[in-house]
Amino acid sequence: MVAPAALRVVRCGGGTLHGARAVFSADSKQVGLRRGYLLCASGDFVKMYSVSTEETLRLLGGHGDLVTGIQLNPHNHMQLYSSSLDGSIKLWDFMDGITIKTFTVGSKLLALYALASSEDSVFVVIPKSGERDTFQLISVKLTKAPGQDLEAKELSVVLDGVDASPKRIAFGREGEYVASVKDVNLQVYFFKQKQLNRFSVSGAKTKSGNNQFTCVACHPTEDCIATGHADGKIRLWRNFYHKKEYTFSTLHWHHDTVMDLAFSVEGTNLLSGGVESVLVLWRNQSDRQKDFLPRLGSPIEYISMASDGTLCCTVHTDNRITIINSNLRFSRSIQGLIKSADVKTGLVVDPRTKALVLNGEPGHLQFYCLQSDQQLFSLDIVQRQYIHQAGLNQADLVKVAFSAQGKWLATVEEREEVTDPELQLKLWFYDEETQSFKLNTRINMPHEDHITDMCFRDMDELEDDSLILVTAGRDCVFKVWVMVEDTDPEAQQSVSWSCDFVGSYHNYQATNCCFSEDGSLLAVSFEETVTVWDSITWDLKCTFCHPPGKIRNICFGRLTCSKYLIGATDYGFLCCWNLLSCALEWSAHLNVLILQPDPLSEHIAAVSWLSKESSLFVFKPNEPRPIYIQRNLCREKIQLAAFVPRDEPEMIGSEKYLWLRRSQLFFLTDTQELMTLSTKSLEERLTPSSKQLAVEESLPVTPFSLLLGKHRRQQSQGDIDLGKVLVRNKHEQDSPAVKELLHTPAHVLPSASFLCPIFINSLLISKENKSAEEVADEVEMESEKTEDDSDEERDVTEMEQEDTSPTELLGEMTCKLSKSQEKELRKIRKMDYSWISAF
Amino acid sequence: MATYKPVVVQTFPKLGERITQDTVYWRGYKTPVQIKEFGAVTKIDFSPVSPYNYAVTASSRIHIYGRYSQEPIKTFSRFKDAAYCATYRDDGNLLVAGSEEGSIRLFDLSGRAPLRQFDGHTKAVHVVGFLSDKYRIFSGGDDYSSSLWDVPSATEIVSYNEHTDYVRCGCASKVNADVFITGSYDHTVKLFDARTKSSVMTIEHGQPVESVLLFPSGGLLVSAGGRYVKVWDVLKGGQLLVSLKNHHKTVTCLCLNSSGQRLLSGSLDRHVKIYSTTSYKVVHSFNYATSILSLALSPEDETIVVGMTNGVLNVKHRKPEERKERSEKKRQPAYRTYVKGRTYMPKQEDFCVSKPVKRVLRKYDKLLKSFQSSKALDAVLEPPIRLYTPEVTVAVMQELHRRGTLRSALAGRDEKQINLLLTFVARRVIEPRFTAVLVTVADMITDIYQPVVGQSAIVDRQFLRLQEAIGKEIDYQEELLEVLGMMDTLFATFTKKRATYLEENKSNGLTETIETNRNN
């Protein structure tokens, strides 16, 4: 059983990958095998991917702020330098995932460069003290003193007035000079001569466009600097030793900003990329010979080359990493949660794969696997060529709904037009044969104005013909769509969808719609009013209203609370109506942004936003008091939330977190970082198998290992026959002590005599039944916790009823009934409704 | 990595009649041949044996027509008054017919004079037919009786006087030689068994029965009378299976197609309706000039013959099936080279190299792929695309608009090209499916070419035509709106009245029945 640990917010995906250029690990050099790792800065972490399997192998965490630069240690290819906004440089052993050293610099570090020529110093960009928006390139001497945490004090300024972006500084051939660009100026500093040359291109705004520098790259063997410009030109500078007699040539293909440049290892080819999402290969730096790799999906942010030149990779603005062969062939892409401009679809859970479904690439729907942090697949909804050009309004996906079994998918796409929006409602059928969604019906202009909400009638047990789709639109109506069977037996499609009923209420805009759990009632909110309709006869049954303020969200209660309807209004009220008495049950003053019911339990999560912090409240509709409160969930504003059902109910020790038993709550923030509430940290969540893989993968495949592999496979088959043996093996593997022992590098392990008793103990099979003492301890802890909570978690302001029945609350946990009753009583005694005054 | 996605050409479902396999099948007839008869054609019967001649009964004559002959190949005209119901025997050698004077005559197809004459009916005999044993004849007359006759001896075997009105139609079972049915104007259909003295089953149709039909299996019975066609299950004791009301005048004749999958009914409302016998829905319908009295389909549905009240015989022959041998021939050599090794199944140790499938792009797609907007627009303004698939032209225009390059694609064109564009726009802008896009295009063209108005007579004329077309459409829409308004008022008053009417009836407990009637 898991000990009751504190619930904490854990990051599990998304965020920004483009803090810095990605770095290939050096052992991609291994002859004949293109195995290696790709290291990439992702938020506060450095992620390590396997190039061959696209898996996330390791997360190097330790920085307190965004990681801004990563570089392999030029003197040891198994080590990595990383810099962060928290002002520290860390040296990692990335194979084992441990920090070797931490150097504290003090001020924010914006970029990091490591050179082979400079023995023990690295270059970083820091803001100039005392001045805003001016930055300088400094070299930091990394002391070789013993100890892990060191202070780097020997700083010397190399260049003044550089740009903060890491793309705008590049070091030349063997570290002889450094080139830096800012606005329309290029500075080249020669280390040996201590000479600084400045060049500039003509005025910022010429007729042809913006002339500003955007990026710079230096030729690895010749004295040549390539610079990219905002108007799409690439300039190649030579002879920059002379202040006057320098020359440059221009390459022009990009129609928009050149985002990044990279020379191949030999320097014969130049790669450039930009908003067009086309990777351009310039051969011999000439304008005539160029190759293209078009349609990479999204604008290219960084280009980086492997040190052996066999691979190159592009990091895109939407967090995708594309790995490209040296002959400019697409090899593979590493994609986690794709960042889209605006997640309009909300977080939806695919009932079939339990994957999170949301906007992906423009016009696509991404299915994101939460367990492996990978994109399962991307479904093309719009099916049109996306033109990567600024200022075009292109069709995008705005609404998504799945039927209960995941058999049907409804999508709405729209294109903003000056006169009237272009809308399409598409219904997709899951084809078992091809294992993908197939377009069944396309409806042009389902509503005359934007569609605000859409839902299927969620009925698990009934057959297909009870399936109903409801769309609510700003054109003041909601429409009911039903499946129509084609009468003609020879027709290709047996079913299609058509409109069955159009409902409206006093010419108000329909904003939300929601079906009750049994599908008998439909709630549609029209601005300030919630209307409840019978889903068979489509009669208006009753209306609810809580003026002032428009309805923002509505949902029905589930299971034992199915008689309640919850609504959140614009003016910060959370209301609960009883559908049997048609009266307001209770209401609370809470500025609710998101209202998300758990599909498997009665619990409803509400996320509020006030005074620059998001708070989470979990409650049951039948009592006005929240079950769980988490203040200050994260720094960013939470945009969306979703409950994802767990495969198997998790054992949760603490009664307070019972609401997390059947499903897990995920959030998406403004910066598109995916977070969840968990008692475990992310490192624990990464499956140990992938770690194992990391070790095994680094071994080259020899004939002997192949032979051994065969042998092992046979053995494992033998194991399956002998079930018992397998179980015991598994048990050994699971033991944390053994895991620790096997996966910790030998040089950091303590002595064998120290480890021996732990190891022996871990082999013993523990008894399942706990002693009475332990249980008592646990209870004590719980009661302590409730006392702690009651300090901050008092109660709701306006309560219409106070009949809280703990029997309902606890369901199957009848053995603890008396204790919980006691607790309830204590809570009620301590009630003073003061927590709400914070708002 | 994504490949180029071709332009989506939106296809719109055609309004009105939907094309199904049935419509394709039933439309596959040539233009009809019209043959003028002497009077109303009351009966048409196909010979069951090749070459499928058919006997047409009209007035006092029976004409035998060959498959493609427009002149009768044989005529039986020894009737003093009208002849009725000339019917072939199963072997196609004998023909029997009733007559107005009450006698039934049996003809040999090779001779002229009747072989036998059966007297016994006191009034006109409108229905006669062979039983399936070939040696007996059943008949029904206006004297309310239905009789059974022995062919060799020309004597009456039995006479049933059970109907209470004229007997006007009948049919013999194909599976049982003793069973036949007759339908009468007394609204009933009776099933007789020659071995019993009275009718075996009586089915109440509800209207004077004009035509009856037994399915080849003998299990289902179809009766037509009034506006209804009803299907009964004989084996279940005459239970009503389905009642069809698709005609708005009396249904006069019924017929099954050769496969038994479709049921045809002809009516005085000038329509022939074709029903599917599985769903009993109308799958197709034919229109004729005048009221239809009789209808027959040749074996294999080769010919549809319809007789009408004004004595016109309408004959439709099926078109010969088209074969596309040519295109196949052309393809053969290439096919042969590619087919080599296609059936080879890769073994486990084989290393499979899949050849990328090369997608063929249309010309405009190729141009759009390389961002050549003007040329792409030129490509879709080529005559075949512009004239026959305007939706492609409009789709490309929309795509250009989406890319923001429509204006530059439209600009910089000479007189001839502007003329072409404006002709297209003026012609298609009124089609609802193109209106949204073409209005934008028209807007842009007027914007771009405003400065040169007046320099070319051709372009000016096109502009005027465009204006005219749009003006007309606006007038038309206004008129439609007016009509809609009128209808709204009518509907409003109508629903109000009905509501009050319903309330009055509520006390009588009749509401429910009215409700159900309304739903029907």
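The values are calculated or read from the model by the stated rules, or taken from the named source; none is laboratory data. Predicted model only: the values in this text are computed from it and were never measured. So basically every Cβ, Gly included, is an ideal-geometry build from the backbone, and we count neighbours across all protein chains shown. We work out accessible area using only protein heavy atoms, side chains counted, and drop any ligands, DNA or RNA first. Shrake-Rupley method; radii C 1.70, N 1.55, O 1.52, S 1.80 Å.
What is the percent carbon and sulfur in the accessible area of region B:363-473, measuring with a 1.4 Å probe over the protein chains and ignoring ligands? Don't jump to the answer; show the numbers that get you there.
Values: 3130 of 5550 Å².
Heavy-atom surface of region B:363-473 belonging to carbon and sulfur, 1.4 Å probe: 56 percent.
How much length is gained if the chain between A:Cys756 and A:Glu266 is pulled fully straight, taking 0.36 nm per residue apart and subtracting their Cα-Cα distance, in nm to one decimal?
On the way: separation 490, 0.36 × 490 = 176.40 nm, distance 5.29 nm.
Roughly 171.1 nm would be gained on extension.
For the pair A:Ile387 and A:Cys499, what calculated FRET efficiency results from E = 1/(1 + (r/R0)^6), where r is the Cβ-Cβ distance and R0 = 22 Å, to the nearest 0.05?
Details: r = 33 Å, r/R0 = 1.49.
Working from the Cβ atoms, E equals 0.10.
With the full set of protein chains in place, find how many percent of the accessible area of region B:25-317 is carbon and sulfur; take the probe as 1.4 Å. Intermediate values should be presented prior to the final figure.
On the way: 5490 of 11560 Å².
So the carbon and sulfur contribution to the accessible surface is 48 percent.
If I model a spin label at A:Ala583 and B:Ser153 as a point 7 Å from the Cα along the Cα→Cβ vector, what separation in nanometres do I get? The answer from the label model is 9.5 nm. Modelled spin-label separation between B:Tyr52 and A:Val484, with each label point placed 7 Å from Cα along the Cα-to-Cβ direction: 3.7 nm. Annotation: amide H-H contacts under 5 Å for A:Arg332 (H modelled 1.01 Å from N, sequence separation of 5 or more, or interchain): A:Ile323. Could you look at region A:304-419 and say what percent of its accessible area is carbon and sulfur, using a 1.4 Å probe and all protein chains? Here carbon and sulfur together make up 45 percent of the probe-accessible area.
Here is the link list: A:Lys344/A:Lys637; A:Lys194/A:Lys243; B:Lys36/B:Lys319. Which ones come out longer than 19 Å on Cα distance? Intermediate values should be presented prior to the final figure.
Details: A:Lys344/A:Lys637 16 Å; A:Lys194/A:Lys243 14 Å; B:Lys36/B:Lys319 23 Å.
Listed pairs above 19 Å: B:Lys36/B:Lys319.
Between B:Ala2, B:Asn93, B:Pro13, the Cα set farthest toward the positive side of the dipole of chain B (charges on each charged residue's Cβ, about the Cα centre) is that of B:Ala2. Taken about its Cα centre, chain B carries a charge dipole of roughly 2660 debye when the Cβ of each Lys and Arg holds +1 and the Cβ of each Asp and Glu holds -1. For the residue pairs A:Lys90/A:Lys739; A:Lys426/A:Lys479; B:Lys190/B:Lys236; A:Lys167/A:Lys244; B:Lys273/B:Lys316, alpha carbon separations beyond 19 Å are given by A:Lys90/A:Lys739; A:Lys167/A:Lys244. Over chain B, DSSP H runs of length four or greater, each weighted -39,500 (n - 2.57), average out per residue to a 222 nm ellipticity of -9500 deg cm²/dmol. Using a 1.4 Å probe over protein heavy atoms, the accessible area lost on pairing A with B, summed over both chains, comes to approximately 2100 Å².
Give me the accessible area per residue for region B:25-317, probe 1.4 Å, as a whole number in Å². Kindly include the intermediate steps, with their values, before the conclusion.
Numbers: 11560 Å² over 293 residues.
Here the residues of region B:25-317 average 39 Å² of exposed surface.
Placing dummy labels 7 Å off each Cα toward the beta-carbon, the span from A:Lys243 to A:Leu328 is 4.0 nm.
Quote the FRET efficiency, to the nearest 0.05, computed for B:Thr493 versus B:Arg433 with a Förster distance R0 of 41 Å and r equal to the Cβ-Cβ distance.
Values: r = 35 Å, r/R0 = 0.86.
In this case the efficiency is close to 0.70.
Might you tell me the accessible area per residue for region A:18-163, computed with a 1.4 Å probe and given in Å²? Mind dumping the intermediate values first?
Details: 5790 Å² over 146 residues.
Here the per-residue accessible area is 40 Å².
Legend: mean number of C-beta atoms from other chains within 10 angstrom of residue C-beta atoms, peptide A:377-388, equals 3.
Mind running the shape call on region A:18-163? Use the C-alpha gyration tensor, a ≥ b ≥ c as the square roots of the eigenvalues: rounded below 1.5 for a/c, prolate if a/b tops b/c, oblate otherwise. If you can, show how the numbers build up before the last one.
Numbers: a/c = 1.84, a/b = 1.67, b/c = 1.10.
Judged from the Cα gyration tensor, region A:18-163 comes out prolate (a/c at least 1.5, a/b above b/c).
Accessible surface calculations at 1.4 Å, restricted to protein heavy atoms, place region A:167-336 at 39 Å² per residue.
Quote the FRET efficiency, to the nearest 0.05, computed for A:Arg646 versus A:Arg474 with a Förster distance R0 of 56 Å and r equal to the Cβ-Cβ distance.
Values: r = 37 Å, r/R0 = 0.66.
The value I calculate is 0.95.
Residues in region B:468-481 carry Karplus couplings, in order, of 4, 4, 5, x, 4, 5, 5, 4, 4, 5, 4, 4, 4, 4 Hz; the curve used is 6.51 cos²θ - 1.76 cosθ + 1.60 with θ = phi - 60°, and Gly or Pro positions show x. Interface burial in region A:294-338 reaches 10 Å² or more for A:Pro294, A:Arg295, A:Phe330, comparing the full protein assembly with the chain by itself; accessible area from heavy atoms with a 1.4 Å probe.
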